[in-house]
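First up is the structure itself, then whatever we jot down about it.
The values are calculated or read from the model by the stated rules, or taken from the named source; none is laboratory data. Computed from a predicted structure; not experimentally measured. For neighbour counting, all protein chains shown are included, and Cβ atoms are generated from backbone atoms with ideal geometry for every residue, glycine included. Please note that ligands, DNA and RNA were not included when accessible areas were found on the heavy atoms of the full protein model with its side chains. Shrake-Rupley method; radii C 1.70, N 1.55, O 1.52, S 1.80 Å.
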Amino acid sequence: MRLSNYFLPVLKETPADATIASHRFMLRAGMVKQDSAGIYIWLPLGFKVLQKIEQIVREEQNKAGAVEMLMPTIQSANHWKETGRYDAYGPEMLRITDRGDRELLYGPTNEDMITDMFRSYVRSYKDLPQMLYHSQWKFRDERRPRFGVMRGREFLMKDAYSFDIDPAAARVSYYKQFVAYLNTYARMGLQAVPMKADTGPIGGDLSHEFLILAETGESEVFCHKDLVDMPPPGYLDTDEAREAVFKERTSLYAATDEMHDADEFAKVPADKQLSARGIEVGHIFYFGDKYSAPMNAQVQGPDGKNHNIMMGSYGVGVSRLVGGIIEACHDENGIIWPKSVAPFGAGIINLRKGDEAVDAACEDIYAKLSAANIDPLYDDKDDRGGQKFARMDLIGLPYQIVVGPRGLKEGKVEVKTRASGEKQDMTIEAAINFITGEFAE
Ligand code: 5CA
């Protein structure tokens, strides 16, 4: 992409109402624009990152055996009345009436709808287990939308739902998602710690939140330090292996403030006690027949009798993660994207537009990085060098290639690694090889 053709409305001033780094940088880097409280327009740069995160989540869900679908944003109130959640959900739910006075709502989650869908097709245990998911916009009329996309009113969530014949089989599904979550966040450069959690309005008795540690996190968390250093499990192909990972991670103390037990925490060796703040980037629930029982969603078992379907649901805060990753990865100059979610792989800075040799070198680099699928952003604007450097640091692409007349005379360009700040002079060929090599890892 050539910056002269792109829509990147970078702001010089720090917006006054943005108190945390991710919110400030998302506004300044032209990633989002607030349209009304907690509702954002995703500008091209922000939308690209959102899609990359969604794609990583999708690939890991598919590996876990979940099948993608799409449910609507607008739901009939009838599903929610049947499960008893219509009144229970309270003012967070945006309730809508259509022209025929039918009650609708903008979905805050989809347990009720998917249980209704599922019961209308599936009758036998032979059709189980099943795991379905979608990424879809949700609406929750939060009392205090804040921190930009971190606590929005409209937000993108990946929600998956599992359907099993009995509680033992349902736990197998839960473990699949548990492992998939650890791998999902690791691919985004994040260390997410699973913590025992309250089930809230979703319900159920087994639940974990996945939190990344950050000073600006909304939740207070307590955990065993070792959990923060454990590597992701990677792809596991047996139920036993997944259960072992679940047991390993949950044997160490980790809880959010609602579930915190000071006496249990005191048993953790003092030098391993970590109390910190965290951002909840995912939440998984096993809730058995909480929805299938009132909805009469049953299948015939091997015993010939009808059984309530045992269910779980599994949410990832896709749009929240854009902010969460920035909280974890930034410095005073701007964002430092992990390679896997960076909106462009590298930036090319032309320091002397109109200079024939510099323009030609930039075009050459642009063509070669594009051909290597690095998806470069070429700053071909007329601005001053200082402005270009500041803008490129702010938007946080992993690598920058700076092309100026002086270096070119010696056949060199400068390659900057955004994360370390390290600068190296190289030939164009070496610069292309270096960057493509970094992405091949
Ligand atoms: N139905 C279940 C799981 S599918 C559910 O709704 N879980 S949840 O309420 O915990 O939401 C799942 C994830 O969505 C949360 O972990 C969080 O990362 C994200 N999320 C929740 N509320 C918001 C919000 N207001 N703004 C941005 N992200 C949110």
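Just give me the residues in region 328-347 being open to solvent by less than 10 Å² (accessible area, probe 1.4 Å) and either assigned to a helix (DSSP H, G or I) or not aromatic (F, W, Y) (or both), in sequence order.
If the condition is that a residue be open to solvent by less than 10 Å² (accessible area, probe 1.4 Å) and either assigned to a helix (DSSP H, G or I) or not aromatic (F, W, Y) (or both), then G334, I335, V341, A342, P343, G345, A346, G347 are the ones that fit.
Quick check: anything in region 195-203 surrounded by 22 or more Cβ atoms within 10 Å (Cβ to Cβ) and within 15 Å of the ligand (Cβ to nearest atom)? Walk me through how you get there before you give the answer.
Initial filter on region 195-203 (surrounded by 22 or more Cβ atoms within 10 Å (Cβ to Cβ)): 195, 197.
So of that shortlist, the ones also within 15 Å of the ligand (Cβ to nearest atom) come out as 195, 197.
Checked region 195-203: at least one residue is surrounded by 22 or more Cβ atoms within 10 Å (Cβ to Cβ) and within 15 Å of the ligand (Cβ to nearest atom).
For region 378-397, what are the residues that are within 17 Å of I365 (Cβ to Cβ), assigned to a loop (DSSP other than H, G, I, E, B) and open to solvent by less than 10 Å² (accessible area, probe 1.4 Å)?
L397
Please go through region 178-192 and give me each residue that is within 13 Å of the ligand (Cβ to nearest atom) and either open to solvent by 10 Å² or more (accessible area, probe 1.4 Å) or touching a strand residue (DSSP E or B) at 6+ places or on another chain (Cβ under 6 Å) (or both), ordered by number.
Y181, Y185, L190, A192
Which one is farthest from Y106 (Cα to Cα), of the residues in region 26-72 that are without any contact (Cβ under 8 Å) to a residue 24 or more places away in the chain and in contact with an Asp or Glu (Cβ under 8 Å, 6 or more places away or on another chain)?
Selected residue: N62.
Check every one of the strands (runs of 3 or more DSSP E) wholly within region 76-171 and list those with 2 or more residues that are on the phi < 0 side of the Ramachandran plot and within 11 Å of the ligand (Cβ to nearest atom).
Values: elements: 94-97, 103-106, 130-139, 154-164.
Strands (runs of 3 or more DSSP E) meeting the threshold: 130-139, 154-164.
Count, please, the residues in region 18-56 that happen to be of a type in the set (V, I, T), open to solvent by less than 50 Å² (accessible area, probe 1.4 Å) and assigned to a strand (DSSP E or B). Before the answer, list the steps.
To start, the set of residues in region 18-56 that are of a type in the set (V, I, T) comprises 19-20, 32, 39, 41, 49, 53, 56.
Filter once more, so that each one left must be open to solvent by less than 50 Å² (accessible area, probe 1.4 Å): 20, 32, 39, 49, 53, 56.
Within this subset, residues satisfying the condition of being assigned to a strand (DSSP E or B) are 32, 39.
Matching residues across region 18-56 total 2.
I'm trying to understand the selection: among the residues of region 285-320, which are over 16 Å from D164 (Cα atoms) and within 16 Å of the ligand (Cβ to nearest atom)?
Those that are over 16 Å from D164 (Cα atoms) and within 16 Å of the ligand (Cβ to nearest atom): G315, V316, G317, V318, S319, R320.
Starting from region 407-435, keep only residues that are among the hydroxyl-bearing types (S, T, Y), then list their pairs with residues that are open to solvent by 40 Å² or more (accessible area, probe 1.4 Å) whose Cβ atoms are within a distance under 6 Å, requiring at least 6 positions of separation or different chains.
Taking only residues 6 or more apart or on different chains, not a single pair turns up.
Looking at N373, N350, which one is open to solvent by 20 Å² or more (accessible area, probe 1.4 Å) and out of contact with any Leu (no Cβ under 7 Å at 6 or more places or on another chain)?
Working: N350 fails: open to solvent by 20 Å² or more (accessible area, probe 1.4 Å).
Of the residues listed, the single one that is open to solvent by 20 Å² or more (accessible area, probe 1.4 Å) and out of contact with any Leu (no Cβ under 7 Å at 6 or more places or on another chain) is N373.
Which of the residues that make up region 246-259 are crowded, with 19+ Cβ neighbours inside 10 Å and more than 16 Å from the ligand (Cβ to nearest atom)? Working first, answer last.
Step one: of region 246-259, the residues crowded, with 19+ Cβ neighbours inside 10 Å are 246, 249, 253-256.
Listed by number, the residues that qualify are F246, R249, Y253.
Take region 103-120 and flag every residue that is in contact with a helix residue (DSSP H, G or I) (Cβ under 8 Å, 6 or more places away or on another chain) and open to solvent by 60 Å² or more (accessible area, probe 1.4 Å). It would help to see each step written out before you state the result.
So the first thing to find is which residues in region 103-120 are in contact with a helix residue (DSSP H, G or I) (Cβ under 8 Å, 6 or more places away or on another chain), and the list is 103-105, 107-109, 111-113, 115-116, 119.
The answer is E103, and nothing else.
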